[in-house]
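Beneath this line is the structure, given in structure tokens, with notes to follow.
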Amino acid sequence: MIIHLNKSIEQAKAEELGRNYEAICMHNGVQYVLVTSSKVKEADANIRSHAEAVFVTDTDIQLASKQYISDTRTIDLGVVGIGGSTNNTVVITGPCSVESEEQIEQAAMLCVELGVKVLRAGAYKPRTSPYTFQGLGLEGLKLLDKMRSKYGLKIITEVRDSTHVDEVIEYADIIQVGAKAMYDQGILRKCGKSKKAVLIKRGFGSTLQEFVQSAEFVLSSGNPDVMLCERGIRTFETKTRFTLDLCGVAWLKQYTNLPVILDPSHAIGYAYGVADLSRACVAMGVDGLLIETHPNPKVAKSDAEQQLNFDQFRALHKSIAAVAAAVGKKIV
Ligand code: PEP
Ligand code: MN
């Protein structure tokens, strides 16, 4: 249950009411809000006398639920809006990892050429093996920062673990919480205290309920700017890297108020299928697409097989405009 307290109620009183209700007490920019366990279905007379509005939800998908906010949230990045009433399908592209200044600058220039506003690349890579390229770390973040200033792009980069979460929060415009970090509540709570937008990738063995509950950790820590990214889940199939769960996407759109971004690159794991999958994703009317591109995928230091070269990406980008238009969306 979510309780919007009267605007006149101050912090100390709100926290006292929260303690009595075993609720999380947060501020939504307008008033204090209490969030109880979803098992609590009724507000008693005492709390009602302090409440402006009460929302009852079925499960612990609460702040992210359409039962609470019936429209998709809008995330305003300045140069571009994501979700809500924008009708945008925001394209996010760039390499898996920042590898060098030359490489990331080529990716930034591709974004400028095509009017893409958000550049992606990891500096702290959550690799499956400790013996492979782990990312350039702080040096990578500084190169991304340079691209932001030089080309006016927004930057999304991932946080791998709690050792560098503050650094990533400082340098990113959108903090990416990777599939393997989705359960790290230290990271999630820190993102919740930040003013930066957060994109959470679905763990490849996570249910939709668990996925959205990760977002609840960020939302209930006070950050309303959260988006969800479906990037493929593990199934019995081994021919593709993962299985893109488009049914799950339909469910997220139906039941949550968070913008949904799709990542076909990590889902299939091979460049050949990324364009077809991207068109399928855009046809679902999603809020964004995240696609890995590299100036020379063959020599990429991570995820080489799935990254598109720039000509492949140009062709894909051209082809999705009509698909977006057919479902009332615009590629940005
Ligand atoms: C990535 O975006 O490069 C990445 C490692 O993603 P994921 O966390 O989905 O595996
Ligand atoms: Mn990658």
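The values are calculated or read from the model by the stated rules, or taken from the named source; none is laboratory data. Source: prediction; values computed, not measured. Cβ coordinates were reconstructed from backbone atoms using ideal geometry, including for glycine residues, and neighbour counts include every protein chain displayed. Note: areas computed on protein heavy atoms with side chains; ligands, DNA, RNA excluded. Shrake-Rupley method; radii C 1.70, N 1.55, O 1.52, S 1.80 Å.
Taking every residue in the stretch 293-317 that is acidic (Asp, Glu) and open to solvent by less than 50 Å² (accessible area, probe 1.4 Å) and pairing it with any residue that is outside any helix (DSSP H, G or I) and within 16 Å of ligand 1 (Cβ to nearest atom), at least 6 positions away or on another chain, the pairs with Cβ-Cβ distances below 7 Å are Asp303/Cys96; Asp303/Glu292. Scanning the stretch 121-138 for residues that are surrounded by fewer than 17 Cβ atoms within 10 Å (Cβ to Cβ) and touching a His at 6+ places or on another chain (Cβ under 8 Å) yields Gly137, Leu138. From the list Ser319, Ser302, Ser278, Ser265, which residue is away from ligand 2 (no atom under 16 Å from the Cβ) and of a type in the set (Ser, Thr, Tyr)? Unique residue meeting the criteria: Ser319. Does the stretch 187-196 contain any residue that is at pLDDT below 95 and of a type in the set (Ser, Thr, Tyr)? Within the stretch 187-196, not a single residue is at pLDDT below 95 and of a type in the set (Ser, Thr, Tyr). Checking every residue in the stretch 245-258 against the condition of being surrounded by 17 or more Cβ atoms within 10 Å (Cβ to Cβ), farther than 16 Å from Ile61 by Cα and among the hydroxyl-bearing types (Ser, Thr, Tyr) gives zero matches.
Gly94 meets all of the listed conditions (1) closer than 23 Å to Gly288 by Cα; (2) touching a residue at least 60 places away in the same chain (Cβ under 8 Å); (3) surrounded by fewer than 24 Cβ atoms within 10 Å (Cβ to Cβ); (4) within 16 Å of ligand 2 (Cβ to nearest atom) but one, namely (3).
Name the single residue, out of those in the stretch 142-189 being charged (D, E, K, R) and within 13 Å of the chain's Cα centre (by Cα), that is nearest to Ser97 (Cα to Cα).
Let us first name the residues in the stretch 142-189 that are charged (D, E, K, R), namely 142, 145-146, 148, 150, 154, 158, 160-161, 166-167, 170, 173, 180, 184, 189.
From what is left, the residues that are within 13 Å of the chain's Cα centre (by Cα) are 158, 173.
Numbers: Glu158: 10, Asp173: 17 Å.
Among residues in the stretch 142-189 that are charged (D, E, K, R) and within 13 Å of the chain's Cα centre (by Cα), the one nearest to Ser97 (Cα to Cα) is Glu158.
Filtering the stretch 254-269 to residues that are part of a helix (DSSP H, G or I) and closer than 18 Å to Gly232 by Cα leaves Pro264, Ser265, His266, Ala267, Ile268.
Of the residues Lys150, Lys142, Lys154, which single one is charged (D, E, K, R), more than 16 Å from ligand 2 (Cβ to nearest atom) and crowded, with 20+ Cβ neighbours inside 10 Å?
On the way: Lys150 fails: crowded, with 20+ Cβ neighbours inside 10 Å; Lys142 fails: crowded, with 20+ Cβ neighbours inside 10 Å.
After ruling out the rest, the residue left standing is Lys154.
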